[in-house]
Amino acid sequence: MIRRLFAAALIALIAASLGGCRYSHEITEMAYAVALGIDKEGDDIAVSVQFAKPLSISGGSGGGESSGGSSQEGEEGGAKNKNTTVLTVKSKDIFTALTAAENNLSKEINLSHVKLLLFSKDIAQDGISDYVKQFMKSSQFSPNTYTAVSLCKAEEYMKTANPSLEINPAKYYTLLFSNNDNNYMPSATLRELYFNLSANGEGEVLPVANLSNDESNEESKSGEDGYYAGELSVGGENEADVSGMAVLSGGRLKQILSTKDALYYHMLTGKLREIYFIIPSVKEEGQHITLRLTQGKKPELGAEEVGENPKLSAKVCLNGEIVKCPDSDFNELGIDGLNELASSYIKEQLESFLEYTKNASGTDVTGFGKFAKMHFSDWCGWSLYNWQDKFMRAEFSVTANVNITREGLVYSG
Amino acid sequence: MGKWQSFLDFHKTEEGYILKEQDKPYKSPPEQNINVFKSVNKNFEKIKEFMNYPQSGDLIIRWLKVVLPDRTADAFIFYFDGLSSRDNIGHFVLKPLMQMTAIMPPKCPEEEYISRQLITQNDVVPSKTFKQAIELVCFGGCGIFVDGISVCYVADVKGWEKRSLQKPITEGSVLGPQEGFTELIRMNTALIRKTIKDSNLVIENMTVGNKSQTPCALMYIKDLANDSMVKEVKKRLAQVDADYIFTTEELESFLEDSNLKLVPQILATERVDRASMELCDGNVVLMVNGSPFALVMPATFFTFMKTPDSRYMRMPYANLLQLVHYISLIISVILPGLFIVITQYHHEMIPTDLLYALEASFEITPFSTLIELVVLEISFELLREAEIKIPNIGGPSISIVGALILGQAAVSANIVSPIIIIIVAFTAVGSLSTPNYSLGIAFRIMKFVYIFASAIAGFLGFTICLFLHMAMLCTTKSFGVRFLSPIAPRTREGFLRTAFIGRDYKKTSKPDYNNSKQDPDADIKTDKGGDDGE
Amino acid sequence: MTVNKRIINFGKYETASVLVNALIVKVLLGLPQLLCKQTGNAAWMVALISGLAFLVLVLFIMRLYKRFPNKNIITISEELGGSALKWFAAVLIILPLIFKGAITLRLSAETINLITPYRIPSFLTAVLVGIVIIAVAYKGTEGAVRLHAVFVPVIVAALILVIIASCSSFRLSNLFPLWGLGEKEVIKTSASAILMYSDLIYILLLYPYVKSEKVFGRAVGWGVVLAVIIQLAIVLGYVLTTQYPESGELFMPVYQVSRIIRLGDNSQSIEAIFYPVWISSSLLYLTLTQTFVVEILGQASKTKYEKLFIVPTLAAMFVIGYMPKSVTYAMQVSQKASPILFICTVALPILIMIFAYIKNRRMPYDT
C-alpha cells in the first residue's frame, strides 16, 4: 500500500511538473476589454479597444492613470471618462491588430468581457460577415455580446461615451444595448447577427450609435416623425446617442431607419414595451391624443399565400390607456371611437413602414420569411423559391387592434 | 517489501535504531499461567514476583487469619489502592472473613465455604490460576488467598474515581438527551441497557491488548444484526495483535478496512442515544474501557452526516439542517479549488462588476492568489490546532491573535486580499459545520489536493481530482458495506430517504445497506388518515 | 437461473447509468451537428427514428441474451466454439473498444483544449486523462461502474438544465421546413445513425455483474429509454435554438447552446458548467472502456494478473488516438469506421448468440 501511495505521489509530481501553473493567468495580468470598434482606414481597418480601469472603477489607489497605447491614446475624449482608456491600432485583420496592441500594454488582452461590438457605417456598407464569423469562431467572445452600427467613427464614439449614472462602463453598455425599456432602438447580439447573415433574405437590424448633434448623417428619407441617431440634442455630460436602427442584408448595410420606424418594428415583432403614442386629433387641429400603449397579445405574422406574389399578413394587438385626450374628441368618439381611430392610424403607419422598408432596403426586416418557410416541406424547395426576390412582390395586409382598457386616474370628458 | 522498507527507513537516526534495540526486554516475564498453590506462603512469594511487590507501592497486601471449621488458617488479601473500594473491602471481605467465621458455622466444603457463605460481595470469582486472579485484581478486584485452599477468590470491589455522566463534548445537540458515555465500560453498557430494554441485546465481554488486557464490550441486537457482520467483527478483534490498547481510537485503526484511506470507516460516537439508535438499526457497537467513545460499524457516508438533532427535530427543520450540512461539507472541500479555477483560468465566469472589484483588490497585494490562499488555509489550520491545545485561560488571546493576524493586520498591510479572507472564512465555517469530526478532517485534507489540482489545470484538474476522489469513495468499504451506499450501490431505501429525514411513522423497515434481519411485519404501515399520501 | 456467485452486484441504477453515459458522450461529441449537416432541420426526426430503432435492437438482443444468464459474450463464445472462438470474439471486441477509446481520448483532449479559454496542450490533457484511466482501471469494474451511479445523474441534470435555460431562445420556425434536406436524406441518415450505436457491447459485458436477470432487463430498458429521450431532447433543443445552415457548422453543439444562456444582465458565462460535465462524461466513458478491455483480456487469457494489461492497452490507445493529424480527420475516421465497429461489437455477438441459441435450443433454461 505504501508503494502504491509512493507511485501515486510520483505520478502526481510528474503531472504537476508537466503542467505547472504556466497556463494560469492572474486577474491582475489581464486587461479586460469592454468594447471593440472597427473603422475603415483606407484599405486597412482601425481596431479600437476600450479597456476598463478597475482601480478607478472600484475607487482603489492608482486610479485615473492611463496605460500605454500606440496611436491615439484618447486624451481628448478620454479626459471625460476617467474609468476607461481607448487604444486604436491599424491593421488588415482584427486579431493581428489586437496582438499588435498587446505590445503596447503591460497586460494581456482578455476579450471575454467585451459587451459591445461597434461597426462603423463604412465597414457595415462593405460587409461585416467575415468579422462576425471570426468573432463566432473565437471562444473568447460571448455570443451574447451586443452589436451596433456607428454613424460616426467607432473610436470617437467609444472615447466620447461618458456614462453619467454608472461608474462601470461595462454596465453602461449592457444596460443601454440590452434594450430593456427602450422602444426606439432594437437589440442585437452577435449570435443573432451570425444566424441572420445567411438567412435567405431575412434581414438583421442593429441599433445605431452616433454622437449628438453630429452632422454626418445624410441617410434615409423616411420618417415624418422620429429622429435619427445624433439628431436629438439632449444635453448633459454624455454626448453619445443610440437611436434608430440599421437594416443589414447579407451582412451589408442597406438602410438607416429612424426611431419611429424602430417603434413600428417593435410593434410588429412583439418586442414593444410601454410607449406613449401620439395620434393627431380629428376634432381640434394642432391637438393630439396621447395613449399609453403596451403589447396585448403577441403579434401574429403569417404568410397566407406563397407564390409569385406572396400575401403576408400581420395582426397587432395593443392595449391602451388614455393619457391625454381633448374633450371634443372624447365626447364625439367615446372609447370605441378612439379604439377605431387608434387602430386605423397604427394600421396605416405599419403598412407604410413595411412598404417603405421593402422598397428601400429590399430586405425582409420583420421576418416574414420564417412563416413563408412553413409552406415548404424541404430546404431545397425553399431555396429554389428565392424568398429575397419574391418578397419584393409581396402584398401586406395589416390588422391593428387597439383596445383602450383604462382612462387613467382621472376620467376623461 | 524488504528493499522498500530499507529505503523508507533510510533517514532514521542512529538513536532510533538504538532505541529499537533497547525495546527488547532482556528477560522474558515470568509465566503466570500456573495453578494456585495450597500453601499461602508459596502463593505470597509468587504474588510478590508477579506483581513486583514491594516496588509497586500501590499494591496492598494484608495478612489475616480465617477460622475454618477444623482449623485456623493464614490468609492474605491483595488489592490496588485507588482501584478498589476500601469500604467494600472492609465491609464485604475483611469483616466476614474475620468476624463472621466465628458466628456462622460452615455448611459446605472449605473451598465453597468462603465464596458461598462468607464473602458477601455480589461478584466473587474463584480463580484456579495466578493469571486469571492477577487480571481481575488489576481491574479493581480484591484477591484472597487462604492457606490450604488452592483457589484464589477475587471479589469485584471496583471503586476508582470516575467522571460522572456529562454532556457529550464533541457531539452537542439542542434537543434530545444530553447523556454522554464515560470511561468506565460497565457504566456505558448500563446506559445502553437502560435505553434499549430488549432482552435480545447481547453484550459480549472480551479483552484486547496482550498486556493491557483492556476490557471491551461488543454489543448487538441478536434478532437484528447481521450474523456475518458480528462474526467479522469478532474475527477482526481476535486478530488484533498489540500489547497495549487503551482507547477505542487505537482499536479503530486495527479494525477498519484501510488505514490509509482518507475517510473514516467506523463511526465513533460519544452519545448514548446515537449508539442505541445504531444498535436498533442493526449495526454493531464496540466499546473499550477507558474511552468514552463507542465504535459503530458498518458506517457509510450518510451515517457520518446524520446528527443527533436530525432525529429529534421536526421533519422540515431536520431536513433543512441536513441540507445545510451537505452544503457546508461541499463548501469546505471545493470552494477554495473553485475559487482558484475561476480566478486563475476562467475569468469569463466572473460577473464584470465583481471582476473589477477583484482586480482592484488583487492589484495591491504582492503574492499570487494561490500562495495567499494556501498560506491563509495553513494559518487557519494552525489556529484551529492552537485553540484545542491552549489552556482555557489563554483561549481569548488566541481568538484575538487570530482575528488580528488573519483579519485586520494582513489586509491593512496589503499582504492578502480581503476576498481571500472571505473564502478561507467560508471554508472554515463549512468545515466546522460538518457533523462528524473525522470526516471533517478527511475533507480538510482533500481541500488542499483540490487547490493544487485546480492550480495545475483549471477545471480539468478540478474535475479530475473530483473524479479520483469519488473513485476512492466508491471503492471504500466499511466491513463489506460500500461507503457511498445508497448512491452506489443503490439500495431499497433510496438516496432521498437515507440522505434526508423521513416521517417517523412511515419508517417501517431497517436500513437496507447493512443487510440486517428485518421484522417480517415491517410492511404494515400505520394509517394516518391519508393526508400526505405518497 | 444460475446463482450469481460474484461479490460485485450491480443494480438497475448503475447499469442504466452506463448506457446513458455511453450515448451522452456521443451526443456531446457532435452528433447534433452531424445530423443537422446531413438532414438540416429534420435532425430531431433522425434522432427519434434511430433511437426507436436502437430500442428495438436492444429488445431483440435482450430476448436472445435471456438464454444465457450471467454470462458475457466471451463465456458464450467459449462454450460455443472453445478457446479458438473465445479468442476470436475477444480480439474482435477488444480492437474496436481500443479504437473507440483512442478516438474518444483524442477528441476529448482536443475539444477540452478548444473550448477552454486557456490552452493547455491537448497531449498534456490526454496524459492527465490517461493517469485517471490507470487509477480507475486499477480499481476494476466495480470502481468504474459505481462512478457512473454518482456522476451520471449530475451530468443528466446539468444537460437538462442547459436545455431548459436556453428555452427562451427556442424558435419554432427553426423546425421548418419540416423534412429538412428531404425525406430521402432523413431515411438514409436514420439508417446510418443506427450504426453509431456500437456501445451496445457494454450490455453484453455487464450482464454477469448484475444482480439478476429481471434487474438486468429493467436496467437496460430504462437505460435505453432514458438515453434516447436525452438524445432527442438535446438534438431537438439544438435545432430549436440554432437555425440551419449554421446548425451544421457549429463545433460542440451542446457547448454552443450553453453559451447562449443568459440569466439576467449581470450574469456572465454559464457555459463553464459544461466543462466539468464534458470532462467527467468522457472520463467515465474512457475508464469503463479501458476496464472492459483489461477484463476481456484477463478473461480470455485466464490470468489473475489482468491489471498488467492496463498500461500496454492504454499506450496502444494513445498511439492510435494520435495517429490522425487533426481533429477533423479524427472525426471523419470515427464516422467512417462506425459500420465496422458496429459489426464487430453488435452484429458479431448477435451472430454468436444466435448460433449458441440454436445449439442450446433443446436444453431447458439453466435454473
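For the reader, a short list of remarks on this structure follows.
- Karplus-derived 3J(HN,Hα), 6.51/-1.76/1.60, for each residue of the range C:213-225, Hz, glycine and proline x: 4, 5, 4, 4, x, 5, 4, 5, x, 4, x, 5, 4
- Residues with amide H under 5 Å from that of B:I221, placed H, sequence gap 5 or more: B:V202
- Kirkwood-Stokes translational diffusion coefficient of chain A, alpha-carbon pairs, 10 °C, 1.306 mPa s, µm²/s: 66
- Anisotropy class of the range B:312-478 from Cα gyration tensor, a/c 1.5 cut: oblate
- Among A:F368, A:F141, B:F246, the ranking by other beta carbons within 10 Å of each residue's beta carbon, starting with the fewest, stands as B:F246, A:F141, A:F368.
- Dipole magnitude for the protein assembly as shown: computed about the Cα centre from +1 point charges on Lys and Arg Cβ and -1 point charges on Asp and Glu Cβ, it is near 6720 debye.
- Within the protein assembly as shown, DSSP assigns beta bridges of which about 75% are antiparallel (rounded to the nearest 5).
- Degrees separating the helix C:310-321 axis from the principal Cα axis of chain C, which is the longest one: 40
- Between the Cα long axis of helix B:369-389 and the first principal axis of chain B there is an angle of about 20°, rounded to the nearest 10.
- Placing unit charges on the Cβ atoms of the charged side chains and taking the dipole of the range C:144-268 about its Cα centre, the candidate lying farthest along the positive direction among C:P245, C:V210, C:I194 is C:V210.
- Taking every C-alpha pair closer than 8 Å and separated by at least 6 residues, the mean separation divided by the residue count of chain A gives a relative contact order of 12 percent.
- The angle between the Cα long axis of helix C:12-29 and the main principal axis of chain C comes to about 50°, on a 0 to 90 degree scale.
- Look at the stretch A:4-14: the mean tally of other chain Cβ atoms within 10 Å of its residues' Cβ atoms is 2.
- Counting every other Cβ atom within 10 Å of each residue's Cβ, B:Y312, A:Y411, A:Y264, A:Y131 order from fewest to most as A:Y411, B:Y312, A:Y131, A:Y264.
- Check: the range B:153-215 dipole with +1 on Lys, Arg Cβ and -1 on Asp, Glu Cβ, in debye: 120
- Under the span-like rule (Cα at least 30 Å along the axis, Kyte-Doolittle mean at least -1.0), DSSP H helices of chain A: A:327-361
- Reference-scaled alpha-carbon Rg (2.2 N^0.38 Å with N residues) for the range B:40-156: 0.98
- For the protein assembly as shown: rounded, prolate or oblate by the Cα gyration tensor [a/c cutoff 1.5]: prolate
- Note on chain A: GNM, Cα springs under 10 Å; of A:D364, A:D241, A:D93, the largest mean-square fluctuation is that of A:D93.
- Rh by Kirkwood over Cα pairs, then Stokes-Einstein D for the range A:274-406 at 0.890 mPa s and 25 °C, µm²/s: 149
- Across peptide A:188-195, the average count of Cβ atoms from other chains found within 10 Å of a residue's Cβ is 3.
- 26 Å Cα-Cα threshold exceeded, pairs from A:K115/A:K271; B:K235/B:K477; C:K100/C:K211; B:K167/B:K194; A:K153/A:K271; B:K261/C:K71: C:K100/C:K211; A:K153/A:K271; B:K261/C:K71
- Based on Cα atoms of the range C:153-277, Rg over Rh with Rh as the Kirkwood radius reads 1.04.
- Members of A:K53/A:K90; C:K26/C:K325; A:K370/C:K188; B:K42/B:K128 lying beyond 18 Å, as alpha-carbon distances in this model show: A:K53/A:K90; C:K26/C:K325; A:K370/C:K188
- For the range A:405-411, 3J(HN,Hα) computed residue by residue from phi via the Karplus equation (6.51, -1.76, 1.60; θ = phi - 60°) reads 9, 9, 10, x, 7, 10, 5 Hz, glycine and proline entered as x.
- Taking C:K188, A:K390 and counting other C-beta atoms within 10 Å, the order from fewest to most: C:K188, A:K390
- For the range B:312-478, the residue among B:M470, B:V416, B:S368 whose Cα projects farthest onto the positive side of the dipole built from Cβ charges is B:M470.
- Helix-only arithmetic for the protein assembly as shown: the sum of -39500 (n - 2.57) across DSSP H runs with n ≥ 4, divided by the residue total, places the mean residue ellipticity at 222 nm at -15000 deg cm²/dmol.
- Amide H within-cut-off set for A:N403, under 5 Å, with H built and near neighbours excluded: A:L318, A:N319, A:G320
- Simple point charges give the picture: +1 on the Cβ of Lys and Arg, -1 on the Cβ of Asp and Glu, and for chain A a dipole about the Cα centre of about 2000 debye.
- For B:S84, the residues whose modelled amide H falls within less than 5 Å of its own, excluding neighbours fewer than 5 places apart on the same chain, are B:G159.
- ³J(HN,Hα), Karplus 6.51/-1.76/1.60, whole Hz, each residue of the range C:293-303, x for Gly, Pro: 4, 5, 5, 5, 4, x, 5, 5, 8, 6, 10
Quick note: the coordinates plus some simple rules give every number you see, no bench work behind them. Just so you know, these numbers come straight off a predicted model, no measurement behind them. Here Cβ is always computed from backbone atoms with ideal geometry, including for glycine, and neighbour counts include all displayed protein chains.
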